[in-house]
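Colleague: Please read through the structure below; I'll follow up with questions.
The values are calculated or read from the model by the stated rules, or taken from the named source; none is laboratory data. Note that the coordinates shown come from a computational prediction; the quantities given were computed from them, not determined experimentally. For neighbour counting, all protein chains shown are included, and Cβ atoms are generated from backbone atoms with ideal geometry for every residue, glycine included. When the accessible area is computed, the model is the full protein with side chains, heavy atoms only, and any ligands, DNA or RNA have been set aside. Shrake-Rupley method; radii C 1.70, N 1.55, O 1.52, S 1.80 Å.
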Amino acid sequence: MKILVLHGPNLNMLGLREPEVYGSTTLAQINDRLAQDALELGAELSFLQSNHEGVLVDAIHAAFQVQQGILINPAAFTHTSVALRDAIASVNIPTVEVHLSNVYKREEFRHHSFIAPIAIGQISGFGAESYRLGLRALIAHLTASR
Ligand code: DQA
């Protein structure tokens with residue numbers, strides 16, 4: 001089972017960026033932990049972080065008929081990007097949306113997600129654990145729908 005893990009803008013700064021909101025875990029540590037989990041769960045992960053919307057759109061297109069699932073933290077693009085949403089819809093790959101912070105406890109502009117309506121589901125507020133929970137949820141969904 002192949003899964004694409006996508007990280008949106010500013011997530012390369014995790015560990016340094018607003019640690020009171022996002023914690024002290026770096027993106028490399030998150031990816032390492034996911035890779036360990038994937039070994040146990042029998043999934044093969046590919047990782048990409050980009051600060052550029054078009055790069056993420058291209059990666060989603062390239063996943064068509066290659067990847068079985070997408071785990072994405074769209075970061076700020078969650079709240080702005082029709083392009084990312086349309087890209088995910090166009091490849092029709094089951095997608096789980098994750099956020100480190102609980103976006104619903106934060107500013108109102110973070111309460112709306114363009115991605116959520118076309119995702120299987122969303123996990124928000126568990127810090128780096130959100131990714132691990134999201135990976136398990138995605139794999140469970142893919143396994144059940146085989
Ligand atoms: C985030 C929440 C977004 O609102 C924010 O723009 C981010 C990170 C999170 O993981 O909590 O960059 O997606």
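Colleague: Among the listed residues Q122, Q68, identify the single one that is under 15 Å from the mean Cα position of the chain (by Cα) and touching a residue at least 40 places away in the same chain (Cβ under 8 Å). Walk me through how you get there before you give the answer.
Modeller: Details: Q122 fails: touching a residue at least 40 places away in the same chain (Cβ under 8 Å).
Of the residues listed, the single one that is under 15 Å from the mean Cα position of the chain (by Cα) and touching a residue at least 40 places away in the same chain (Cβ under 8 Å) is Q68.
Colleague: Just name the residue that is surrounded by the fewest Cβ atoms within 10 Å (Cβ to Cβ) out of those in region 14-63 that are without any contact (Cβ under 8 Å) to a residue 12 or more places away in the chain and within 12 Å of the ligand (Cβ to nearest atom).
Modeller: E18
Colleague: Kindly establish whether S90 is in a helix (DSSP H, G or I), away from the ligand (no atom under 15 Å from the Cβ) and of a type in the set (S, T, Y).
Modeller: So S90 fits the description; yes.
Colleague: Right, next: Against the definition (buried (at least 21 other Cβ atoms within 10 Å of the Cβ), in a helix (DSSP H, G or I) and among the β-branched types (V, I, T)), how does I139 come out, yes or no?
Modeller: On the way: buried (at least 21 other Cβ atoms within 10 Å of the Cβ): yes; in a helix (DSSP H, G or I): yes; among the β-branched types (V, I, T): yes.
Criteria met by I139.
Colleague: Is one or more of the residues making up region 64-85 polar (S, T, N, Q), closer than 16 Å to L133 by Cα, open to solvent by less than 20 Å² (accessible area, probe 1.4 Å) and outside any helix (DSSP H, G or I)?
Modeller: yes
Colleague: When you go through L27, L34 one by one, which is the residue that is within 16 Å of the chain's Cα centre (by Cα) and within 13 Å of L4 (Cβ to Cβ)? It would help to see each step written out before you state the result.
Modeller: Working: L27 fails: within 13 Å of L4 (Cβ to Cβ).
Exactly one of L27, L34 is within 16 Å of the chain's Cα centre (by Cα) and within 13 Å of L4 (Cβ to Cβ), namely L34.
Colleague: Looking only at region 103-115, which residues are farther than 18 Å from Q67 by Cβ and surrounded by 14 or more Cβ atoms within 10 Å (Cβ to Cβ)? Give the derivation first.
Modeller: Going through region 103-115, the residues farther than 18 Å from Q67 by Cβ turn out to be 103-114.
Listed by number, the residues that qualify are V103, R106, R110, S113, F114.
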